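Asks: Below is the structure I would like to discuss, written out as structure tokens.
Derivation of every value follows stated rules applied to the coordinates shown; laboratory data play no part. Fair warning: this is a prediction, and the values are worked out from it, not measured in the lab. Please note: Cβ atoms are built from the backbone with ideal geometry, for glycine as well, and neighbour counts cover all protein chains shown.
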Amino acid sequence: MWNRPKEDNLFEHFGKNAKILGWIFIVLGVLGVIFPTVMSFTTNIFVAWLMLLAGMMAGYFTYITDKKDWLGWLKSLILIGVALYMLLSPLSGVATLGLLFSIYFFMDAFAGMGLAVNAYPHKGWWIWAVNALLSFGLAIFFIIGWPFSSLFMVGTLVGISLFFDGLALLQGGKWLKEMTKI
């Protein structure tokens, strides 16, 4: 069904795709830093539509599985309500995203540090650690200025995070390429 590479080419295939995605993330990150307001509103619209679709799907699956499941309906209504709020009131949506992204950056820092610890002492482990420390710093920086600076900080910080995630993907792809040569 899917054109999946054979096991012996899997690392090589992943390394190539990590390189491509890494460069895409780097470009998006630079654009986000240069145009933070545009990145903030773009992120708001993207997240709001994802939440709207998730709410509709939650409602659909609640309907077909158990129409009396009030928690399923509540989840669906909350997702749809927050999504509509974010779409109809974009400035408030960006402030909401500010709080959500601070949580994201804390979680990204935790995951990145876990990758760094698991990759140590191999080459490139430090880029995951730097990514984790930067994500932690961004989370703290974000909390300090919330909600007033969310309009510029969402785009700027998402751009910075995308930039360093791109660097980490490039390094990870390079590391996998070196591992397959051994």
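Asks: Apply the Karplus curve 6.51 cos²θ - 1.76 cosθ + 1.60, θ = phi - 60°, to the phi angles in segment 41-48 and return the couplings in whole Hz, x for Gly and Pro.
Replies: Running phi through 6.51 cos²θ - 1.76 cosθ + 1.60 with θ = phi - 60° gives 5, 5, 5, 4, 5, 4, 5, 4 Hz.
Asks: What's the longest piece of the chain with no exposed trypsin sites (Lys or Arg not before Pro), counting a site as exposed if DSSP puts it in a loop and it has at most 16 other beta carbons within 10 Å?
Replies: 7-66
Asks: Looking at the square roots a ≥ b ≥ c of the eigenvalues of the Cα gyration tensor of the chain, which shape do they give, rounded for a/c under 1.5, prolate if a/b is larger than b/c, or oblate?
Replies: Oblate is the answer for the chain, as a/c is 1.5 or above yet b/c matches or exceeds a/b.
Asks: Also, I was wondering about something else. Please name which of 26, 99, 60 has its Cα lying farthest along the dipole of the chain towards the positive end, using unit charges on Cβ (Lys, Arg +1; Asp, Glu -1) and the Cα centre as origin.
Replies: So the residue furthest toward the plus end is 26.
Asks: Rounded to whole Å, give me the distance from the Cα center of segment 127-162 to that of segment 74-102.
Replies: So the two Cα centres are separated by 19 Å.
Asks: To the nearest 20 debye, what charge dipole does the chain have about its Cα centre, counting +1 at the Cβ of each Lys and Arg and -1 at the Cβ of each Asp and Glu?
Replies: Dipole about the Cα centre, nearest 20: 260 debye.
Asks: From the residues 84, 167, 71, which one has its Cα farthest along the dipole of segment 62-182 in the positive direction, the dipole being from +1 and -1 charges on Cβ of Lys/Arg and Asp/Glu about the Cα centre?
Replies: 167
Asks: If you average the sequence gap of Cα pairs under 8 Å that are 6 or more apart and divide by the length of segment 104-182, what percent do you get for the contact order?
Replies: 31
Asks: Now for a separate question. What's the exposure ranking of 80, 144, 160, going from fewest to most Cβ atoms within 10 Å?
Replies: Exposure proxy ranking, most exposed first: 144, 80, 160.
Asks: Under the Karplus relation 6.51 cos²θ - 1.76 cosθ + 1.60, θ = phi - 60°, what is the ordered set of whole-Hz ³J(HN,Hα) values for segment 25-30, x standing for Gly and Pro?
Replies: 4, 5, 5, 4, x, 5
Asks: Lysine pairs in the chain with Cα distance under 25 Å, only those 8 or more apart or on different chains: how many are there?
Replies: 17
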